[in-house]
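Heads up: the structure comes next, in structure tokens.
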Amino acid sequence: MRKMELHWKILIGMVLGLVFGFVMTYPDWGREFVSDWIKPWGTIFVKLLKLIAIPLILASLIKGISDLKDISKFKRIGLRTIGIYVFTTVVAITIGLLLVNVLQPGNGISEDTVAKLSETYASDSGVTSKLDEALKQKESGPLQFLEDMVPDNAVKAMSENALMLQVIFFTIFMGISMLLIGEERARPLKQLFDALNEVVLKMVDLIMLTAPYAVFALLANVVASSGDSDLLVALLKYAGVVVLGLFLMIVFYAILVSTYTQKNPFWFLKEISPAQLLAFSTSSSAATLPVTMERVEEHIGVDKEVSSFVLPVGATINMDGTSLYQGVAAVFAMQVLWPEGLVFSNQIIIVLTALLASIGSAAVPGAGMVMLVIVLESIGFPPNLYPIALALIFAVDRPLDMCRTIVNVTGDATVSMVVAKSVGKLGEPHPKEWDDHLEEVISK
């Protein structure tokens, strides 16, 4: 009997989680039951993925760099990666701005709905914390993001997933230094990281065995803890514009894969689907990174020399879905609260600011709202309206965050394929199973 593929198991877990969460909104004890007894299993799963993210970046990136025979290859890979990421982000923001200007979702929001949203969410701790975080980022200097990339303590950087760019910087520095001391001297350290890489990838396989149950828990909690359904319906047009834009980005990626790499786009989407479904469930491209790397390397055939650099960097600076959302959300807020700000020059500023903000955005849930405040500030949006603007989108931010994380992860995988193809490193897939070497450790 043929084994059910992982993406179908995860999809079934998601559907059952949605249904269970919806059912649990009816009994008085339902939400508390989900929070106490279901949610922890999803939280544990996300923690396990985050647990191995830094070791995987460290081992995979050092292995990828140290395998290079010509150091100029790394420069070529790096420049192409950054260039393509910037291109796809500009495409995403442009799609978002075109849709929101044509469909104008803000025109359907009544003053009563704005008042109710403001009353419900403007003083919410989630909104105020995003405003505070945006204020801190706004006060930093123009080269702060470069300063933040360089760690003063490598061990400290590895202790915090939010410092992933610092880990990438240290790892690249270490990998290049290993190349420069010569293959013979670097061999013992290279063997250590090669072994660590294999172990961490096996940990990914083991963690993924629990993925269907984990997404059930994660989705059940999202549904059970959702807010006022009337407000969600009022914002349905805005949410629909964002989702349409995200769908068009997936279509753009599929066209890019088909035309440049000559691979079947449906095959690509099928192979990357477990990472996409986890991205939807966790709302974190950083937490999904270990799975994205495993799918891209083993199931799509991207060489580790490419994937080990492109994917960790992408999880940190490539936020196509989030950037598209910035464009839609900023113009939507202007349509409702500040229509006089809807001029062409402001929309050009939105493109540039959203592009720059995406580079420094954390790969964690809710980072998009911090970026939105920075974008609004850049176009002169009235500061007294910031809380109301965030309240407008806060009600539907979580489900949209889940959707845009799918696009972020798909974009990372697409760029890794394009870069790999451009440097001749896109080969045939070689999937591994968690029990490949089980017979070696079980006594006969």
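Only the coordinates and a few stated rules stand behind these numbers; no lab work does. Computed from a predicted structure; not experimentally measured. FYI the Cβ positions are ideal-geometry reconstructions off the backbone, even for glycines, and counts take in every protein chain you see.
Just a few scattered comments:
- Candidate cross-link partners of residue 63 among the lysines, defined by an alpha-carbon separation under 24 Å and a same-chain spacing of 8 or more, comprise 50, 73, 75, 156, 190, 202, 304, 421, 425, 432.
- Neighbour net charge for residue 85 - beta-carbon separation under 10 angstrom, K R +1, D E -1: -1
- By the beta-carbon count within 10 Å of each Cβ, the least crowded to most crowded order of 348, 168, fewest first, is 348, 168.
- Each other residue within a Cβ distance under 14 Å of residue 200 adds +1 if Lys or Arg and -1 if Asp or Glu, for a net charge of -1.
- Per-residue [θ]222 nm for the chain (sum of -39500 (n - 2.57) over DSSP H runs n ≥ 4, rounded to 500): -24500 deg cm²/dmol
- Cβ-based net charge around residue 290, under 13 Å, with every Lys or Arg adding one and every Asp or Glu removing one: -1
- From least to most packed, judged by other beta carbons within 10 angstrom and beginning with the fewest, 7, 430 follow the order 430, 7.
- The reciprocal of the average 1/r between distinct C-alpha atoms defines the Kirkwood hydrodynamic radius, which for the chain equals 22.7 Å.
- The angle separating the long axis of helix 304-317 from the principal Cα axis of greatest extent in the chain is about 20 degrees.
- Residues 4, 178, 164, 149, sorted so that the one with the fewest Cβ neighbours within 10 Å comes first: 4, 149, 178, 164
- In the chain, excluding the sites themselves, the longest stretch lacking any of the GluC sites (Glu not before Pro) that are in a DSSP loop with at most 11 other Cβ atoms within 10 Å is 161-432.
- For residue 237, the lysines whose Cα falls under 22 Å of its own Cα, not counting residues fewer than eight places away in the same chain, are 116.
- For region 391-444, the convex hull drawn through the C-alpha positions has a volume of 148 cubic angstrom per residue.
- Relative contact order of the chain, pairs being alpha-carbon contacts under 8 Å that are 6 or more residues apart, as %: 31 percent
- Convex hull per residue volume in Å³, alpha carbons only, for region 172-290: 173 Å³
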